[in-house]
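Just so it is clear, none of the values below were taken in a lab; they were calculated from the coordinates. None of these values were measured; they are calculated from a predicted model. Because the Cβ atoms are built from the backbone with ideal geometry, glycine has one as well, and the counts that use them run over all protein chains shown.
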Amino acid sequence: MNTKYLMIFSAIVLGALGLLSQFLPTEIIGYFSIESHLSTKLFIQLLGAVYIGFAMVNWMAKDNIIGGIYSRPVSMGNLTHFAIGAITLIKLVLTVQSDITIIILAILYTILTAGFAYAAFTHPVKSN
């Protein structure tokens, strides 16, 4: 599997989430009707920093062979992040009346989980 497009897609998704979290924490708090505290804004911005950092790792590793034993930390880190996120988001969608934003995030995380699971546990193919 050529993982370049998977890495680019995940970098774009994480980068977008990171930039939104970094620069629009007050709007995110308002959109999800979260009680606004300075610490809430701080944690959303810190989450944005993590997303941007993870996006940068994926963007920088997009030309590497990912899968099998190659770039194992990158593939397993992504798989862990997206799998735990997908489980959490799917649980939220199934137990609470969720809006379209949460449903879209759950779908994106599930797709990325499947992609990184496939990349992590199959033999990589070098692209020509």
Say we join alpha carbon atoms closer than 10 Å with springs in a Gaussian network model of the chain; which of PHE82, PHE32, PHE54 then has the biggest fluctuation? PHE32
For LEU46 and LEU19 in one chain, what is 0.36 nm times their gap in residues minus the Cα-Cα distance, to one decimal in nm? 8.6 nm
What ranking do THR122, THR113, THR40, THR95 get, fewest neighbouring Cβ atoms within 10 angstrom at the top? THR95, THR122, THR40, THR113
Mind checking the angle between helix 4-23 and the chain's longest principal axis? C-alpha axes, 0 to 90 degrees, to the nearest 10. 20
Provide LEU92, LEU14 in ascending order of the number of other Cβ atoms located within 10 Å of each residue's Cβ, fewest first. LEU92, LEU14
Among LYS41, LYS91, LYS62, whose mean-square fluctuation peaks in a Gaussian network model of the chain (Cα, cutoff 10 Å)? LYS91
Estimated distance in nm for a label pair at SER36 and ILE103, the labels positioned 7 Å out from Cα along Cα-to-Cβ: 2.8
Go through GLY18, TYR118, VAL96 and say which Cα lies farthest out towards the positive end of the charge dipole of the chain; charges sit on Cβ, +1 for Lys and Arg, -1 for Asp and Glu. TYR118
Degrees between helix 72-95 axis and first principal axis of the chain (Cα, 0 to 90, nearest 10): 40
Can you give the calculated 222 nm mean residue ellipticity of the chain, where each DSSP H run of n ≥ 4 adds -39,500 (n - 2.57) and the sum is split over every residue, rounded to the nearest 500 deg cm²/dmol? -25500 deg cm²/dmol
Mind checking the full-extension length gain between ASN2 and GLU27? Use 0.36 nm per residue of separation minus the Cα-Cα distance, one decimal, nm. 5.3 nm
Ranked list, fewest to most other Cβ atoms within 10 Å of each Cβ, for TYR70, TYR31: TYR31, TYR70
So how strong a dipole does the chain carry about its Cα centre when Lys and Arg Cβ are +1 and Asp and Glu Cβ are -1, to the nearest 20 debye? 400
Choice from ILE102, ILE66, ILE52 showing the highest fluctuation, given a GNM over the chain with Cα pairs closer than 10 Å: ILE102
Between helix 100-121 and the chain: long-axis angle, C-alpha atoms, 0 to 90°, nearest 10: 20
Taking 8 Å as the Cα distance limit and 6 or more residues as the minimum spacing, I'd like the relative contact order of the chain as a percentage. 33
